[in-house]
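S.K.: This is the structure I have questions about; it appears just below.
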Amino acid sequence: MTVMPKSLSRREFLYRVAAVGGTGLLLTTLNAWGGEMQSSTSAPPRLTGNGRGRTVIILGAGLAGMSAAYELGNLGYDCRLVEARSFAGGRCQTARRGTTIKEYGGEAQTCDFDQGLYLNHGPWRIPYNHQSVLYYTRLFQVPLEIMVNDNDTSYVYREGNDPLCNRRIRQVEIKADMRGHVAELLAKAVKNNKLDQDLSADDKILLLDYLVNEGNLSRSDLQYRGNEGRGYKVNPGAGIDPGPGVPSDPLGFADLLASKLGHVYSAVHEFWQQATMFQPIGGMDAIAKAFERRVGKNIRYSTVAHSIRQSEKGVSVELRDLAGEPAGTLTGDFCLCTIPLSVLGAVDTDFSPTFKQALRSVSYAPVGKIGLQMKRRFWEEDDFIYGGHVRTNFPGIGSISLPSTGWQTQKGVLQGYYNFEGEATEISAMSLKERADFALAAGQKIFPAYRESFESAFSVAWHRIPFSLGGWADWSGAARKSAYPLLLEGEGRVLLAGEHMSYLPGWQAGAIESAWQQIEKIHRRLHA
């Protein structure tokens, strides 16, 4: 005889759905019923009840760990954070005067920038769609400013034998001329009925009108002869000379195609890379410091997790100081581990062999940056470029990024390179002086005042930084399918969070949103 299950109220059913599948499954169920709930990427989960009498051990006081501690603390949980560094924030760091780092196998380095100057050598920009980060900057009143992420007046400089190489060209010239030439071709094809798709007479008129406007074409012969938006040879001014100015000559279409310079831009930006983004005033670590002011009393600094053990009733973490000496043991109901997987793999745990293998399947990206303090903002004074990136094909350099703060002041810190993978590994093997010389040699090819304006440098190779061992998790497609779901589920009373436990690797939003997801699981399980 079949026994019919006891009927459940919607409230009880939703509670069980959330306990099993978290916010994602709950949102799906509510949407299927026509319900409404705030997106989990815009604000932390709305949890009811309290955590009084419950302890959560949080390993790592980066943004994932601190956002978890903040939200759980608001519910009454006793959160014990363990941080290997002497400061909070994880990779959310800003180098300014007095900042010190020592890479594995490298020299000790102290930042010597002038007071008020800095480099965001960790995360350095916030897209508008990372609402989880903006939620906290708004809540904690962290003032923001615009970060110019794409500047049409900045240069493209490519070395090679193709046309238009070995010279600096403003991005706006490339954009104007590529669009103009392509619009000319399409306009003439429309006019001469050479398109495969049939167009009505009215459609042709409307499309031609659009192309004339988009490509700045002549209405008489549909030819592209340049665009004042790409700049002038001589700018318009007062009086008769220069008067209306002298138009500039467009780059040849064949040369543009051969040089592939049209690849340096897209008419529609990537989802995470808009033309204008945000940055906290004074440095990205303002976000980490805002969290630290609220949860710092619960952080145990300069302490590492030596071993993790768990049972059906709780978790214990044996601690060591940086010299390797015993520093006590923490016990709690759950452990939220936010330290990078590249570091967690070396911790003594009682994880299952399958879980340990999943940890080992995730590699971390070698990443390097260098900040160069210049005694004169020549990019503004000589070339009229305010923020954005100079795009190059120089190996080991990538883009040279100009500061989006301190406009028209005397000095500034630009980002001399941002390299990845094999190039980052190669450059990181250089001495600190060699790294600076390498960056200066590249910039000198573009800006005549580059080397003579240089005052000091600060560089970082994240794959050689203790307690980081990489810039971000570099998931393979195979690991996403096999290891990611397993790690996301956690094991027993140990759950994982951080940018590596998201589809936003390297972004602060990934760290925060992964923490939101996992604290909901902890809360549901403790109140089941």
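The values are calculated or read from the model by the stated rules, or taken from the named source; none is laboratory data. Quick caveat: nothing in here was measured; it's all calculated off a predicted structure. Positions of Cβ are backbone-derived with ideal geometry, glycine not excepted, and every protein chain shown enters the neighbour counts. Please note that ligands, DNA and RNA were not included when accessible areas were found on the heavy atoms of the full protein model with its side chains. Shrake-Rupley method; radii C 1.70, N 1.55, O 1.52, S 1.80 Å.
S.K.: What do you reckon, is Arg138 more than 22 Å from Gly371 (Cβ to Cβ), out of contact with any Cys (no Cβ under 9 Å at 6 or more places or on another chain), open to solvent by 60 Å² or more (accessible area, probe 1.4 Å) and of a type in the set (Lys, Arg)?
M.R.: Yes: the conditions hold for Arg138.
S.K.: Looking at the stretch 162-176, is at least one residue assigned to a helix (DSSP H, G or I), crowded, with 19+ Cβ neighbours inside 10 Å, within 31 Å of the chain's Cα centre (by Cα) and of a type in the set (Asp, Glu)?
M.R.: yes
S.K.: Do we find that Arg46 is at pLDDT 95 or above, open to solvent by 20 Å² or more (accessible area, probe 1.4 Å) and either among the basic types (Lys, Arg) or within 28 Å of the chain's Cα centre (by Cα) (or both) in this structure?
M.R.: Here the answer is no, as Arg46 does not meet what is asked.
S.K.: Taking Ser67 as the residue in question, decide whether it is part of a loop (DSSP other than H, G, I, E, B) and within 18 Å of Lys297 (Cβ to Cβ).
M.R.: no
S.K.: If you don't mind, there's one more thing I want to ask. Checking Ala358 against (1) in contact with a helix residue (DSSP H, G or I) (Cβ under 7 Å, 6 or more places away or on another chain); (2) in a strand (DSSP E or B), which test does it fail?
M.R.: The one condition Ala358 does not meet is (2).
S.K.: Among the residues of the stretch 483-508, write down those that are surrounded by fewer than 24 Cβ atoms within 10 Å (Cβ to Cβ), in a helix (DSSP H, G or I) and among the hydrophobic types (A, V, I, L, M, F, W, C).
M.R.: Matches in the stretch 483-508: Ala483, Leu486, Leu487, Leu488.
S.K.: Provide a single number: the residues in the stretch 297-336 that are outside any strand (DSSP E or B) and open to solvent by 20 Å² or more (accessible area, probe 1.4 Å). Reasoning before the result, please.
M.R.: Initial filter on the stretch 297-336 (outside any strand (DSSP E or B)): 297-298, 301-302, 311-314, 322-325, 333.
From what is left, the residues that are open to solvent by 20 Å² or more (accessible area, probe 1.4 Å) are 297-298, 301-302, 311-313, 322-325, 333.
Matching residues across the stretch 297-336 total 12.
S.K.: A follow-up question, please. Tell me, please, whether a residue that is in contact (Cβ under 8 Å) with a residue 40 or more places away in the chain, part of a loop (DSSP other than H, G, I, E, B), closer than 16 Å to Gly371 by Cα and open to solvent by 30 Å² or more (accessible area, probe 1.4 Å) can be found in the stretch 102-112.
M.R.: The answer is yes, given that some residue of the stretch 102-112 is in contact (Cβ under 8 Å) with a residue 40 or more places away in the chain, part of a loop (DSSP other than H, G, I, E, B), closer than 16 Å to Gly371 by Cα and open to solvent by 30 Å² or more (accessible area, probe 1.4 Å).
S.K.: Inspect all residues belonging to the stretch 506-523 and state whether any of them is over 24 Å from Leu72 (Cβ atoms) and not aliphatic (A, V, I, L, M). Walk me through how you get there before you give the answer.
M.R.: Applying the first criterion (over 24 Å from Leu72 (Cβ atoms)) to the stretch 506-523 yields 506.
Add one more test, that the residue is not aliphatic (A, V, I, L, M), and what stays is 506.
Yes, that holds for at least one residue.
S.K.: So, one more: Select from the stretch 217-247 the residues that are assigned to a loop (DSSP other than H, G, I, E, B) and modelled with pLDDT of 85 or more and write down the one among them that is farthest from Asp177 (Cα to Cα). Walk me through how you get there before you give the answer.
M.R.: Here is the first cut: in the stretch 217-247, the ones assigned to a loop (DSSP other than H, G, I, E, B) are 218-223, 225-227, 231, 235-245.
Next cut, modelled with pLDDT of 85 or more only: 218-223, 225-226.
Details: Ser218: 14, Arg219: 17, Ser220: 19, Asp221: 17, Leu222: 14, Gln223: 12, Arg225: 9, Gly226: 7 Å.
Going through the qualifying residues, I end up with Ser220.
S.K.: Tell me yes or no: at least one residue of the stretch 207-220 is within 26 Å of Phe447 (Cβ to Cβ) and open to solvent by 50 Å² or more (accessible area, probe 1.4 Å).
M.R.: Residues of the stretch 207-220 that are within 26 Å of Phe447 (Cβ to Cβ), as a first pass: none.
Looking through the stretch 207-220, none of the residues is within 26 Å of Phe447 (Cβ to Cβ) and open to solvent by 50 Å² or more (accessible area, probe 1.4 Å).
S.K.: Among the residues of the stretch 484-506, is there at least one that is under 17 Å from Ala365 (Cα atoms), among the polar types (S, T, N, Q) and touching a residue at least 60 places away in the same chain (Cβ under 8 Å)?
M.R.: No, the stretch 484-506 contains no residue that is under 17 Å from Ala365 (Cα atoms), among the polar types (S, T, N, Q) and touching a residue at least 60 places away in the same chain (Cβ under 8 Å).
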